[in-house]
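Below is one structure; the comments refer to it alone.
Just so you know, all these numbers are worked out from the coordinates, no wet-lab data involved. These numbers come from a predicted model, not from an experiment. Positions of Cβ are backbone-derived with ideal geometry, glycine not excepted, and every protein chain shown enters the neighbour counts.
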There are 2 protein chains.
Amino acid sequence: MNKDVVNIGLIGFGTIGSGVVETFNKNLDLLENKVNKRVNLKKVVDLDVKTDRGVYISPEVLSTDINDILEDPEIDIVIELIGGYQPALKFILRVMENGKHVVTANKALLAKHWNEIISCAGKNNVRICFEASVGGGIPLLRPLNESLASNNFESIYGIINGTANYILTKMSDEGKSFEAVLKDAQERGYAESDPTFDIEGDDTAQKLIILTIIGFGKYMKQENFHVEGISSITQEDIRFARDELDCCIKLLAITKLVDANLEVRVHPTLVPMNHLLSSVNGVFNGVYLVGDIVGPIMMYGPGAGMLPTASAVVGDCIDIIENMDPVHYGPTKTPVKKVSDIADLKSKYYLRLLTEDKPGVLHEISGILSKHNISIGSMTQEKAEKGTPIS
Amino acid sequence: MNKDVVNIGLIGFGTIGSGVVETFNKNLDLLENKVNKRVNLKKVVDLDVKTDRGVYISPEVLSTDINDILEDPEIDIVIELIGGYQPALKFILRVMENGKHVVTANKALLAKHWNEIISCAGKNNVRICFEASVGGGIPLLRPLNESLASNNFESIYGIINGTANYILTKMSDEGKSFEAVLKDAQERGYAESDPTFDIEGDDTAQKLIILTIIGFGKYMKQENFHVEGISSITQEDIRFARDELDCCIKLLAITKLVDANLEVRVHPTLVPMNHLLSSVNGVFNGVYLVGDIVGPIMMYGPGAGMLPTASAVVGDCIDIIENMDPVHYGPTKTPVKKVSDIADLKSKYYLRLLTEDKPGVLHEISGILSKHNISIGSMTQEKAEKGTPIS
């Protein structure tokens, strides 16, 4: 950037926004020395500029007028952290039309309006960076897009929702039910009061859409792939997985190229205990991927939180300051011929059945499986304790 | 890069060089679409252009004359893969003086001649990229330098030598002696016939020098920090670590900022089994780091090998094509006040003593430790089997 001072505007002074302000407060000197320019957080806009966020901010930086950012010709980079679809989309498009670069953590918006946003960036010759949108503070999308750019990817497996991973980890560590652990997670602030978005896989699906674009150059809408959450996982499943199959259960985002057909899916998955992803526990995220040149890679770290997410947001600002030129967003020509239907996938599958204890039951079940051409990989039978309800 | 065709010269057609040629052969289309330019491997120079490397290369690309690369004004980026100090240094400096960008995997050269090389790049307004020099194919240095640029780092712990890690993993998995596993590693090509450089920590130390620059902006010479290898690790150590301390032994590169004092060291370390680094096994590498904003991050992948290393080298080429502007190399102002002497460190330490079985021995040992103000954290005593030699 051919300027001595870079001006930044921040839309949204919530949790992540406060983290960004704190990061600038704390490490501005480090940043300015790295880019060899002054970096000035010129304006922070929010509807609420009264509530104390616990971070220092000069009063004249705060404003409730969005045009103080959108229409200020001196602002070079705009950070959008209000989330949601509108007015975030309107703001981002306007900002880019005004020749400003954009940094955002808004996975929902990118997942829904990808084509419109990227084509607007291209038309206006500006960059949009969104490292924080997947995997929080983990350097993930840029390494995938840049460091690993020489690879055709074979598969990406991600644990990218901290709430779901926290619940599954606690269920496994403490032997408690899904409901009990969810309540604990809500009390600790790891789960929302309405946890649907996290536990039913929607958040994971939005992030997977972005991973699939960067990894495979293929944009998918969420309604076009299989998304299944963790709310039906029981203690029995976790115990069987561990004791009988030497696996843990993780909510995985999976995207995988098989003979030019792309599998895209989100569901609870049995992960062998000797696989590195089984060590990604608690609120942490981990993404394991395989490239045709590099082989297997994993990135691990905090997938959410005020400061980790701010780390990615401010990292994106530095990236733009050091390179304003347009970059590619994933492969520009996708290797994907067709997206596989979930019904067409060949994969191992886990079935747990609670049956009456009488002769011939196993025979009947195995007969049904056989009729449908399903081969049994591994089987274990346990007597239910007296009084166990049919679930 | 404001050209429609980018010309690349490759110096060194050995293992990694062949991997680079194979990567261009295989994924050129992907690369060219990403950068929206033609990418042309114009010249490959090696003393030996006769031996078949098992990868396709057009005969007119090969040359034994280094000036075909150094002095060709059409070549924009030079990949140096001959390794060692000279003539690699001479070539790299000449290339930069001629206004060409450099990509190298040469950790030894960077570790020894860092200041000269970086200042030459700065003077000539070119970039030098060296992702492949640490951690092979793992996206590591660029994420550290760019994605995580808003962080002051607190610590970096790296398993960055595949040979040493393979030996320690095999010793642990198969209960074999260091010597037996080393022999096996040599047979599989995971260890050199003279393995000193890998097993005594020199390779790890060179990589740590580069990590310390990028992470902490501090350049250290190898003779100024503690480097200790794994050749004295026995089966007993591995067994005690696992059975008594629930740890594994890893050769770690450690750099850590404590009150503005930097600890830099390479030595075998007890890693708790519940730490993610304990899951980095075999020839794989893993680097775990803590940033003041992001918290803990780990990157994992293949730390060596023809194609993984080529993935990093070609990724660097793409980086340069997309951004020719000078970038920073780590913090430009180091937070390090002083480098700690190994003798001044406070740390847990592991001692294994083989003593005569007679009364008063433990009393005497504990007396010596106490006299030197050393507190015992955990102790275990075992009877040696009959015939166990004093080692």
Two pseudo-spin positions, 7 Å from Cα along C-beta at B:Leu369 and at A:Ser58, lie apart in nanometres by 5.7
For A:Cys247, distant residues with modelled amide H under 5 Å away: A:Arg242, A:Met273
Would you mind pulling out the separation of the Cα centroids of segment A:22-96 and segment B:292-323, in Å? 31
Per-residue average of other protein chain Cβ atoms inside 10 Å, peptide A:271-283 -> 2
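Can you order the peptides B:19-28, B:163-172 by their average number of other Cβ atoms within 10 Å per residue, highest first?
Values: B:19-28: 21.0, B:163-172: 23.8.
Descending mean neighbour count gives B:163-172, B:19-28.
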Past 26 Å, Cα to Cα, is the threshold; run A:Lys176/A:Lys207; B:Lys90/B:Lys250; A:Lys112/A:Lys183; A:Lys107/A:Lys250; A:Lys176/A:Lys358; B:Lys90/B:Lys207 against it and keep the listed order. A:Lys176/A:Lys207; B:Lys90/B:Lys250; A:Lys112/A:Lys183; A:Lys176/A:Lys358
Report the relative contact order of segment B:5-129, percent, no decimals, based on alpha-carbon pairs under 8 angstrom and at least 6 residues apart. 26
Rounded to whole Å, give me the distance from the Cα center of segment B:244-279 to that of segment B:363-379. 23
Within 10 Å of each Cβ of A:150-160, how many other protein chain Cβ atoms are there on average? 3
Once you order the gyration tensor axes a ≥ b ≥ c over the Cα atoms, which shape class does segment A:100-140 get: rounded for a/c under 1.5, otherwise prolate or oblate by comparing a/b with b/c? oblate
Heads up, the protein assembly as shown by the C-alpha gyration tensor (a ≥ b ≥ c square roots of eigenvalues; a/c under 1.5 rounded, else a/b over b/c prolate, else oblate) looks rounded
Give me the log10 of I(q) over I(0) for segment A:250-335 at q = 0.20 Å⁻¹, as the Debye formula computes it from C-alpha points; what are the numbers? -1.21
Sorted by packing (mean other beta-carbon atoms within 10 Å per residue), highest first, where do B:39-49, B:277-287, B:142-152 land? B:142-152, B:277-287, B:39-49
Given a Förster distance of 45 Å, the FRET efficiency implied by the Cβ-Cβ spacing of A:Lys346 and B:Asp325, rounded to the nearest 0.05, works out to 0.40
Fewest-first sequence of A:Tyr56, B:Tyr219 by Cβ atoms within 10 Å of each Cβ: A:Tyr56, B:Tyr219
With a 10 Å cut-off between alpha carbons and a GNM built on chain A, which of A:Asp341, A:Asp316, A:Asp203 moves the most? A:Asp341
With Cα springs under 10 Å, the Gaussian network model of chain A assigns the largest mean-square fluctuation among A:Lys207, A:Lys221, A:Lys250 to A:Lys221
Could you list, bin by bin from short to long, the percent of Cα-Cα pairs of chain A in 20 Å steps? 26, 52, 19, 4, 0
Just counting partner chain Cβ atoms within 10 Å, what average do the residues of peptide A:295-305 show around their Cβ? 6
Using the alpha-carbon centroid of each, what span in Å lies between segment B:119-153 and segment A:101-163? 21
Once amide H atoms are placed 1.01 Å from N in the peptide plane, what residues at a sequence separation of 5 or more from B:Gly291, or on another chain, have their amide H within under 5 Å of its amide H? B:Glu154, B:Ile297
Go ahead and set up a Gaussian network model of chain B, Cα springs under 10 Å, then flag whichever of B:Ile368, B:Ile118, B:Ile160 fluctuates most. B:Ile368
Could you grab the relative contact order for chain A? Cα pairs under 8 Å, six or more apart, rounded to a whole percent. 19
Taking the Cα atoms of segment A:5-129 alone, what are Rg (to one decimal) and Dmax (as a whole number) in Å? 14.1, 39
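So for B:His267, A:His363, fewest C-beta neighbours within 10 Å to most, what's the order?
A:His363, B:His267
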Treating each Cα of segment A:155-200 as an identical point scatterer and ignoring solvent, apply the Debye formula and state log10 I(q)/I(0) at q = 0.19, 0.24, 0.30 Å⁻¹. -0.54, -0.81, -1.13
